[in-house]
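Some notes on the structure that comes next.
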Amino acid sequence: MSKSIQIFGFHGVEAQLSANPECVLNVTLQSGRTDRRVSCIIAQLEDHQINYSYLDKNKLDRITKSESHQGVIAEIILPPLPGQDALTKFAENLKKPALILILDSIQDPRNLGACLRSANAAGVDCVVINKDGSAPINALVHKTSAGALNQLKIFQVTNLVRAIKALQDLSVWVIGLDGETQSSLYQTKLRESSALVMGTEGKGLRKLVKSTCDQLVKIPMQGNVESLNVSVATGIALFEASRQRES
């Protein structure tokens with residue numbers, strides 16, 4: 001079943017209007033703003049025949065719970081994310097070596113949004129998240145992704161291990177990021193069809209997910225830092241894969 005959420009900030013709303021204007025139900029703008037950016041938004045809304053209204057800044061602040069909204073809020077429809085059967089069909093039909101990001105129980109919405117932003121920038125084919133244990137797609141995820149949600153193919157599966165095995169059956173090599181292993185990410189071949197699996201904040205990959213991966217690697221680090229934020233580690237891993245494929 002589709003649900004609606006409120007997104008805010010010019011970048012996110014503009015990205016939504018450019019990619020999926022049919023999902024925008026209505027937009028609320030800050031009273032008294034007549035600058036160029038607001039004028040551009042209004043032109044898009046009128047072009048797509050989307051209703052808009054005005055509220056003062058204090059009321060917008062209350063709606064977004066004081067998150068930075070820049071004077072624009074949109075209510076949008078989030079269609080249901082496709083599941084494992086759609087993922088399998090999508091992977092089967094790829095005409096090039098797959099690059100897939102699998103996120104295991106990322107619970108912080110800002111981290112999830114930042115991972116999606118890196119995935120979009122690195123050119124992944126799709127992202128897989130688990131239905132239970134993962135942060136829901138909400139306004140914070142949308143805002144942190146900086147519009148990436150509108151450009152990515154995202155699948156939400158009930159059983160992550162089963163989804164991994166289905167990808168392995170399609171000759172996708174599944175690589176888990178794990179700080180306790182000795183194998184380096186930079187010595188791993190990532191040019192062929194690959195899926196990179198990132199674990200939850202603090203705990204890393206769940207035990208069964210880890211044991212299902214074909215290979216475990218780590219990001220070599222210097223200094224006295226024990227681990228990286230999951231969104232930072234995701235960016236490093238994905239761009240290493242991208243670098244290898246371009247070289």
### Task
Search the stretch 50-68 for residues being more than 17 Å from Ser4 (Cβ to Cβ) and surrounded by 11 or more Cβ atoms within 10 Å (Cβ to Cβ), and hand back the single one that is nearest to the chain's Cα centre (by Cα).
Glu67
### Task
Scan the stretch 137-179 residue by residue and report those that are in a helix (DSSP H, G or I), among the polar types (S, T, N, Q) and surrounded by 21 or more Cβ atoms within 10 Å (Cβ to Cβ).
Thr144
### Task
Name the one entry in Ala241, Ala233, Ala195, Ala237 that is assigned to a strand (DSSP E or B) and either within 19 Å of Gly133 (Cα to Cα) or assigned by TED's automatic domain parsing to the domain that holds Cys126 (or both).
Ala195
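Condition check ((1) assigned by TED's automatic domain parsing to the domain that holds Thr158; (2) in contact with an Asp or Glu (Cβ under 9 Å, 6 or more places away or on another chain); (3) surrounded by 16 or more Cβ atoms within 10 Å (Cβ to Cβ)) across all residues:
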site	(1), (2), (3)
Phe90	yes, yes, yes
Ile100	yes, yes, yes
Gln107	yes, yes, no
Leu112	yes, no, yes
Ile129	yes, yes, yes
Asp132	yes, no, no
### Query
What about Ala19, is it of a type in the set (Gly, Ala, Ser) and either surrounded by fewer than 17 Cβ atoms within 10 Å (Cβ to Cβ) or more than 22 Å from Ser145 (Cβ to Cβ) (or both)?
yes
### Message
I need every pair where a residue in the stretch 192-213 that is more than 13 Å from Gly179 (Cα to Cα) and surrounded by fewer than 20 Cβ atoms within 10 Å (Cβ to Cβ) has its Cβ under 7 Å from the Cβ of a residue that is at pLDDT 95 or above and of a type in the set (Phe, Trp, Tyr), sequence separation at least 6 or different chains.
### Response
Glu192/Trp173; Ser193/Trp173
#### Entry: From Leu81, Leu87, residue being touching a strand residue (DSSP E or B) at 6+ places or on another chain (Cβ under 6 Å), assigned to a helix (DSSP H, G or I), closer than 30 Å to Lys165 by Cα and touching a residue at least 60 places away in the same chain (Cβ under 8 Å)
Leu87
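The values are calculated or read from the model by the stated rules, or taken from the named source; none is laboratory data. Note that the structure is a prediction, hence the values are computed from the model and not measured. Positions of Cβ are backbone-derived with ideal geometry, glycine not excepted, and every protein chain shown enters the neighbour counts.
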